[in-house]
1. With a 1.4 Å probe and every protein chain kept in, tell me what percent of the accessible surface of the chain is carbon plus sulfur.
2. In what order, largest first, do 160, 87 sit by accessible area if the probe radius is 1.4 Å?
3. Short version: ³J(HN,Hα) in whole Hz for each residue of segment 132-142, in order, from phi by Karplus 6.51 cos²θ - 1.76 cosθ + 1.60 (θ = phi - 60°), x for Gly and Pro, what are they?
4. Mind putting a number on the dipole of the chain about its Cα centre? Charges go on the C-beta only, +1 for Lys and Arg and -1 for Asp and Glu, and I need it in Debye to the nearest 20.
5. Restricting everything to alpha-carbon atoms, can you work out Rg to Rh for segment 95-203 with a Kirkwood hydrodynamic radius?
6. Collect residues whose amide H, placed 1.01 Å from N in the peptide plane, falls under 5 Å from the amide H of residue 131; neighbours closer than 5 in sequence don't count.
7. Please list 157, 77, 221 from largest to smallest accessible area, probe radius 1.4 Å, with all protein chains kept in place.
8. Decide, for segment 138-200, between rounded, prolate and oblate: order the square roots of the alpha carbon gyration tensor eigenvalues as a ≥ b ≥ c, take rounded if a/c falls under 1.5, and otherwise choose prolate if a/b is larger than b/c, else oblate.
Amino acid sequence: MGFLEDNSIKAVAFDIDGTFYPLWKTKVRVAMASLSSLPFAINYDKARQRVRTEDSFLSLPPLSMKERGGRMCRYMWNRSEDQDIEYFLEKEKKVFFSRYEKSFRSIKAYNGVESVLVKLEERGIKMGVLSDFPVGTKLKAMNIDRFFPIQLSSEDWGRYKPCLTPFEMLISKLNLEPHAILYVGDSLRKDAEGAKRVGMKTALLSKKAGSGSADIVFRDWFELDRVLF
């Protein structure tokens, strides 16, 4: 028997960037999208990391888009008037989300990804994705969007992993007990430790031995296939 059956797993949810395809491809695309607005991009990254650090492993109320924008404005420019928030949200969309989105049209998934998803579908396992960045068309570009009726982004709540809020929202959408859900990601802190703290089982894509408290550590998707089934 495999991990899914041994642990009575009813749903598997995935991170996207770095999990379905190499993380360096995300970094390259973000960098390219940022070149035309470098000062904004640098401040944006620092503010985002500050938000992530402050919210780490806490269960917090979701933020509206305006509240999220206001927080980012305060951290970037020490002000958050309505016009600042409006400017920030428009700039964020233009610099990161729109340009970044277009650059993913040619992205390819790791070898073995689709085979695992097909097997999960055949076994009636629920599937979803939870990403920090907007999901957009990345799944479609990799030709795997059909597997995921649940597609969530931490941006929807203004709370980034490893904040517990996104994981709690995922649990609610899947409508299952946390222990019946396996979360698969490539970051020990953001994915494995965050999901573990809300009671999910965890699988970590990593080439490092002894990667923390993840229930499964796998080096590639073929290894994950062998472990799960």
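1. Whole-percent figure for carbon plus sulfur exposure: 51.
2. Correct descending sequence by accessible area is 87, 160.
3. 6, 6, x, 5, x, 10, 4, 5, 5, 4, 8
4. On the way: 38 positive and 31 negative charges, 122 e Å.
Computed about the Cα centre, the dipole is about 580 debye.
5. Details: Rg = 14.0 Å, Rh = 14.7 Å.
That ratio is 0.95, to two decimals.
6. 152, 153, 154
7. Details: 157 30, 77 60, 221 5 Å².
Ranked from most to least accessible, the order is 77, 157, 221.
8. prolate
The values are calculated or read from the model by the stated rules, or taken from the named source; none is laboratory data. In this text the structure is predicted, and so the values were computed from the model without any measurement. Because the Cβ atoms are built from the backbone with ideal geometry, glycine has one as well, and the counts that use them run over all protein chains shown. We work out accessible area using only protein heavy atoms, side chains counted, and drop any ligands, DNA or RNA first. Shrake-Rupley method; radii C 1.70, N 1.55, O 1.52, S 1.80 Å.
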